[in-house]
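Undergrad: The structure under discussion is supplied below as structure tokens; questions concerning it will follow.
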Amino acid sequence: MTAPVVGVDIGGTKTAAALVGPGGTVLDRREVPTPARSGPDAVLDTAAGLAADLLDAGAGPVGVGTAGAVDPATGSIRYATDSLPGWAGTPVADALSVRLGRAVRITNDVNAAALGECWAGAGRDRRHVLLVAVGTGLGGAIVRDGRVETGARGAAGEVGHLPAPDAERLRCGCGRYGHLEAIASGTGLAAAYALATGTRTTGRAVADRAAAGDEVARQIVDRAGSVLGAALAGLVALLDPEAVLVAGGAAGALLPAASAAYSAELPAGWADVPLLPATLGADAVVVGAARLAMDPPDIDGRTRG
Ligand SMILES: [Zn+2]
């Protein structure tokens with residue numbers, strides 16, 4: 001397919017849609033706050049409205065990357081965090097297909113970001129990639145032979161729940177303690193800083209303080225990066241990717257320490273597998289969703305409608 005297609009990004013704070021050309025170039029883009037507190041129907045209406053604005057110029061199915069775990073068999077949300085109340089159980093693919101009169105292909109937002117980066121970003125021309133997204137939480141996606149690995153329940157690649165050193169006192173988003181996400185995420189940075197200093201702040205603020213020379217913040221950011229980098233080195237041996245990409249708002253802060261630990265821990269057989277910053281930024285999900293829309297049905301994601 002050579003005509004532009006529409007990709008949609010449904011997140012807990014913002015919803016975006018873009019018209020994406022065949023080379024992965026964003027030709028037009030819309031973004032609004034997600035009306036998360038107004039419930040799933042309002043979120044769906046918002047996403048459909050943005051997509052409809054661009055559909056006159058867009059061909060074929062619409063691609064969607066959404067927060068939450070997507071059931072690959074139904075296109076419904078299996079699980080979602082409190083950032084989108086009521087989102088779990090929502091039949092997003094069917095509901096958007098009805099609203100738009102187009103087939104809808106859907107996947108998790110981190111999976112979409114990985115597809116986007118492998119199409120037009122840091123993973124361009126690579127067919128085997130592990131991507132981790134370090135934001136408020138820690139997500140992951142595995143691209144194998146050019147396709148996102150969905151697993152049995154649409155949740156493959158979730159690296160956040162590996163056991164991690166120094167995370168014993170930190171609570172993971174899943175409710176347990178000692179997981180990688182509990183230390184290597186914005187929430188983890190904030191929690192570790194609160195434990196060390198008694199000061200409550202955001203992960204971004206901890207990263208900013210580290211950059212400004214706050215010694216406690218710097219140690220916390222470096223430790224989080226080191227733990228992440230060592231975990232990624234082990235995962236390289238498991239998954240055998242061509243490259244590992246680090247995306248998300250906290251990626252820049254964690255990458256220096258992560259790169260050092262990654263290089264130190266990488267088994268010799270994989271010494272040439274690079275750890276790279278993702279390059280598409282806020283466009284990664286809409287670009288990857290468009291990529292999903294361009295592909296033949298039922299390969300990278302589920303087609304509905
Ligand atoms: Zn966990």
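Where a number appears in this text, it was derived from the coordinates with a stated rule and is not lab data. Treat the numbers as computed from the prediction; the structure is a model and nothing was measured. Counting neighbours? That spans all protein chains shown, and the Cβs are built from the backbone with ideal geometry, glycine included.
Undergrad: Using the number of other C-beta atoms within 10 angstrom as an exposure proxy, rank D9, D125 with the fewest first. Could you put the intermediate results ahead of the total?
TA: Working: D9 31, D125 7.
Listed from fewest to most nearby Cβ atoms, that is D125, D9.
Undergrad: Turning to a different aspect of this structure: So what are the radius of gyration and Dmax for the Cα set of the chain, in Å?
TA: In order Rg, Dmax, the Cα atoms of the chain give 18.8, 55 Å.
Undergrad: Place the peptides 91-97, 232-238, 31-37, 112-118 in order of packing, highest mean first, counting for every residue the other Cβ atoms within 10 Å and averaging per peptide.
TA: Final packing ranking: 112-118, 91-97, 232-238, 31-37.
Undergrad: Take the Cα of A155, step 7 Å along the line toward its Cβ, and report every residue of region 228-245 whose backbone nitrogen sits under 12 Å from that point.
TA: What the label zone holds, given the 12 Å backbone N cut-off, is no residue at all.
Undergrad: Which of Y177, Y193 has the fewest other C-beta atoms within 10 Å, and how do the rest follow up to the most? Don't skip to the answer; put the middle values down first.
TA: Working: Y177 13, Y193 25.
Result, fewest neighbours first: Y177, Y193.
Undergrad: Now for a separate question. Can you work out the base-10 log of I(q)/I(0) for region 125-279 at q = 0.15 1/Å, using the Debye formula on its C-alpha atoms alone?
TA: Log-scaled intensity ratios, in q order: -0.72.
Undergrad: Arrange the following residues from fewest to most other Cβ atoms within 10 Å of their Cβ: W270, W119.
TA: W270, W119
Undergrad: Gap in Å between the Cα centre of region 33-108 and the Cα centre of region 157-175?
TA: 29
Undergrad: Follow-up question, since we're still on this one. Could you tell me how many degrees, from 0 to 90 and to the nearest 10, lie between the Cα long axis of helix 251-265 and the main elongation axis, the longest principal axis, of the Cα atoms of the chain?
TA: The helix 251-265 is inclined about 60 degrees to the chain.
Undergrad: Roughly what would the spin-label model give for V216 and E168, points 7 Å off Cα along C-beta, in nm?
TA: It works out to 2.1 nm between the two label points.
Undergrad: Sticking with this structure for a sec: So, in Å, what gap is there between the alpha-carbon centers of region 253-294 and region 2-18?
TA: 22
Undergrad: Rank T202, A152, V246 by how far each Cα sits towards the positive end of the charge dipole of region 131-285 (+1 on Lys, Arg Cβ; -1 on Asp, Glu Cβ) and give me just the farthest.
TA: The one lying farthest along the dipole's positive direction is T202.
Undergrad: Answer with one residue from V236, S185, L131: the one whose Cα lies farthest towards the positive end of the charge dipole of region 125-279, charges on Cβ with Lys, Arg +1 and Asp, Glu -1.
TA: Selected residue: S185.
Undergrad: Still on this structure, I have one more. Relative to the Cα centre, what is the charge dipole magnitude of region 125-279, using +1 at the beta carbon of each Lys and Arg, -1 at the beta carbon of each Asp and Glu, and rounding to the nearest 20 debye? If you can, show how the numbers build up before the last one.
TA: Numbers: 13 positive and 15 negative charges, 97 e Å.
For region 125-279, the charge dipole is close to 460 debye.
Undergrad: Looking at region 1-107 from every direction and averaging, what is the projected area of its Cα convex hull in nm²? Numbers along the way, then the final one.
TA: Working: hull surface 24.0 nm².
Approximately 6.0 nm², given one-decimal rounding.
Undergrad: Something else now. Once a ≥ b ≥ c are taken as the square roots of the eigenvalues of the Cα gyration tensor of region 191-237, is the result rounded (a/c under 1.5), prolate (a/b larger than b/c) or oblate (a/b not larger than b/c)?
TA: Here region 191-237 falls in the prolate category.
Undergrad: To the nearest 10 degrees, how steeply does helix 186-197 sit against the main Cα axis of the chain, on a 0 to 90 scale?
TA: For helix 186-197, the angle is close to 30 degrees.
Undergrad: Mind checking the full-extension length gain between T2 and D45? Use 0.36 nm per residue of separation minus the Cα-Cα distance, one decimal, nm.
TA: Difference between extended and current length: 12.7 nm.
Undergrad: Placing +1 on the Cβ of each Lys and Arg and -1 on the Cβ of each Asp and Glu in the chain, which of G281, Q219, S38 has its Cα farthest towards the positive end of the resulting dipole?
TA: Ranked along the dipole, the leading option is S38.
Undergrad: If I model a spin label as a point 7 Å beyond the Cα along the Cα-Cβ vector, how far apart are those points for R37 and W270 in nm?
TA: In this crude spin-label approximation the distance works out to 4.4 nm.
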